[in-house]
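Visitor: Next up is a structure, given as structure tokens.
The values are calculated or read from the model by the stated rules, or taken from the named source; none is laboratory data. This one's a predicted model, so the numbers in the text were calculated from it and none came from an experiment. Reconstructed Cβ throughout: ideal geometry from the backbone, glycine too, with neighbour counts over all protein chains shown. Please note that ligands, DNA and RNA were not included when accessible areas were found on the heavy atoms of the full protein model with its side chains. Shrake-Rupley method; radii C 1.70, N 1.55, O 1.52, S 1.80 Å.
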Amino acid sequence: MAIAWSEKASYVEVLSRPPSLSPPVILTQDELKKIAAYKAVEFVESGMVLGLGTGSTAKHAVDRIGELLRLGKLKNIVGIPTSKKTQEQAVSLGIPLSDLDHHSTIDLAIDGADEVDPHLNLVKGRGGSLLREKMVEGTCKKFICIVDESKLVKHLGGSGLAMPVEVVPFCWKFTANKLQNLFEDSGCVAKLRNDSKGKSFVTDNGNYTVDLYLKKDIGDLQVASDAILRIAGVVEHGMFLDMATTVIVAGELGITIKNK
């Protein structure tokens, strides 16, 4: 899947495993995530302002940055976290933090994604942090997305999993119905996200998340983006269009790096 997906790359670097006579080692999904994350951190240089992503893959990158700081291999790093959870993690690792009010331009952001299409468009936000992620990653000079090969899709929404939309709590059902009707031709079903206790999931910004489940391609992504954002009650959506400058994919055959 990774080979076919990467055919449209403007530049692809494949770091494959060396041949071995011993039986192949089957890596877990989390191990693949860690490999991609560590590769991304190789692009970090001392003195950078970094966007620190959120989620199971980005967590490995933040851990690695903290480790390199502790070892003295990185210095004068400033992190801009994309969620409260990442902020807590960075503080525990001793990573100096700031915010967009004090650093309006970010050198590099590293984050995961829920889906990646052949044009490096992403779906993000299944972890509930899409608004802050989009604010931070939309202002960085370089955005490296790190994924394992299970996240590669032919088109956004193609996994059949949620495409998140952050909405204000006020009359969320009205907003959810508008979203579902907008993509009726794609077989859209809109559902309010609940937390582990069965209550409405609340984002770091005090909003709700409506998850869109799509059976068909929604077509022109920019048109879809504009239509979603025109609905009163919508705060932001989880499509990250033309934002990633590099995608690092870890798979059974090695690491694939795709650049814009």
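Visitor: Comparing Leu27, Leu97, Leu152, which has the greatest mean-square fluctuation in the GNM of the chain with Cα pairs linked when under 10 Å apart?
Guide: Maximum fluctuation in the GNM of the chain, among the listed residues, is at Leu27.
Visitor: Just add up the charged neighbours of Val234: K/R +1, D/E -1, any other residue whose Cβ is under 15 Å from the Cβ of Val234. Kindly include the intermediate steps, with their values, before the conclusion.
Guide: Details: positive: Lys134, Lys173, Lys178, Arg193, Arg230; negative: Glu166, Asp211, Asp226, Glu236.
Value of the local net charge: +1.
Visitor: For the chain, what is the mean residue ellipticity at 222 nm derived from helices alone (per DSSP H run of n ≥ 4: -39500 (n - 2.57); sum divided by total residues; nearest 500 deg cm²/dmol)?
Guide: Working: 7 runs with 70 residues, N = 260.
The helix-only estimate for the chain comes to -8000 deg cm²/dmol at 222 nm.
Visitor: Here is a further query. For the stretch 99-191, what does the alpha-carbon gyration tensor say about shape, rounded, prolate or oblate, given a ≥ b ≥ c as the root eigenvalues, a/c under 1.5 as rounded, and a/b over b/c as prolate?
Guide: Values: a/c = 2.75, a/b = 1.33, b/c = 2.07.
It comes out oblate by the Cα gyration axes.
Visitor: Still on this model: Going by the alpha-carbon gyration tensor, a ≥ b ≥ c the square roots of its eigenvalues, is the stretch 163-237 rounded (a/c under 1.5) or, if a/c is not under 1.5, prolate (a/b greater than b/c) versus oblate? Working shown, then result.
Guide: Working: a/c = 2.03, a/b = 1.54, b/c = 1.32.
Taking the square roots of the gyration eigenvalues as a ≥ b ≥ c, the stretch 163-237 is prolate.
Visitor: In debye, nearest 20, what is the charge dipole magnitude of the chain about its Cα centre with +1 on Lys and Arg Cβ and -1 on Asp and Glu Cβ, if you could check? Intermediate values should be presented prior to the final figure.
Guide: Working: 31 positive and 32 negative charges, 77 e Å.
Here the chain has a charge dipole of around 360 debye.
Visitor: Could you name the aspartates and glutamates whose alpha carbon sits less than 20 Å from that of Lys191, not counting residues in the same chain fewer than 8 places away?
Guide: Leaving aside aspartates and glutamates fewer than 8 places away in the same chain, those within reach of Lys191 are Asp114, Glu115, Glu166, Asp204, Asp211, Asp217, Glu236.
Visitor: What percentage of the solvent-accessible surface of the chain, computed with a 1.4 Å probe over protein heavy atoms, is contributed by carbon and sulfur atoms? Let's see the in-between values first.
Guide: Numbers: 6880 of 12960 Å².
The computed percentage sits at 53.
Visitor: Counting only DSSP beta bridges with both residues in the stretch 160-260, tell me the antiparallel percent, nearest 5.
Guide: On the way: 19 of 19 bridges.
Roughly 100 percent of the DSSP beta bridges within the stretch 160-260 come out antiparallel.
Visitor: In addition: Just grab the label-to-label distance for Lys199 and Lys84, each label 7 Å out from Cα along the Cβ direction, in nm (one decimal).
Guide: 1.2 nm
Visitor: I've got another one for you. Enumerate the residues in the stretch 134-178 having an amide nitrogen under 17 Å from the point lying 7 Å beyond the Cα of Lys215 toward its Cβ.
Guide: Answer for this model: 157-163.
Visitor: Sticking with this one: Of Lys33/Lys178; Lys84/Lys260; Lys34/Lys124; Lys84/Lys178; Lys39/Lys75; Lys85/Lys154, which sit over 24 Å apart, Cα to Cα? Don't skip to the end; give the middle numbers.
Guide: Details: Lys33/Lys178 36 Å; Lys84/Lys260 30 Å; Lys34/Lys124 18 Å; Lys84/Lys178 30 Å; Lys39/Lys75 19 Å; Lys85/Lys154 31 Å.
Over 24 Å Cα-Cα: Lys33/Lys178; Lys84/Lys260; Lys84/Lys178; Lys85/Lys154.
Visitor: Using the heavy atoms of the protein chains and a 1.4 angstrom probe, tell me the accessible area per residue for the chain in square angstrom.
Guide: 50 Å²
Visitor: What fraction of the DSSP beta bridges in the chain is antiparallel, stated in percent and rounded to the nearest 5? The partial results should precede the final answer.
Guide: Values: 29 of 48 bridges.
Antiparallel bridges make up about 60 percent of those DSSP assigns within the chain.
Visitor: Report, in degrees rounded to the nearest 10, the 0 to 90 angle that the Cα long axis of helix 56-70 makes with the longest principal axis of the chain.
Guide: 40 degrees
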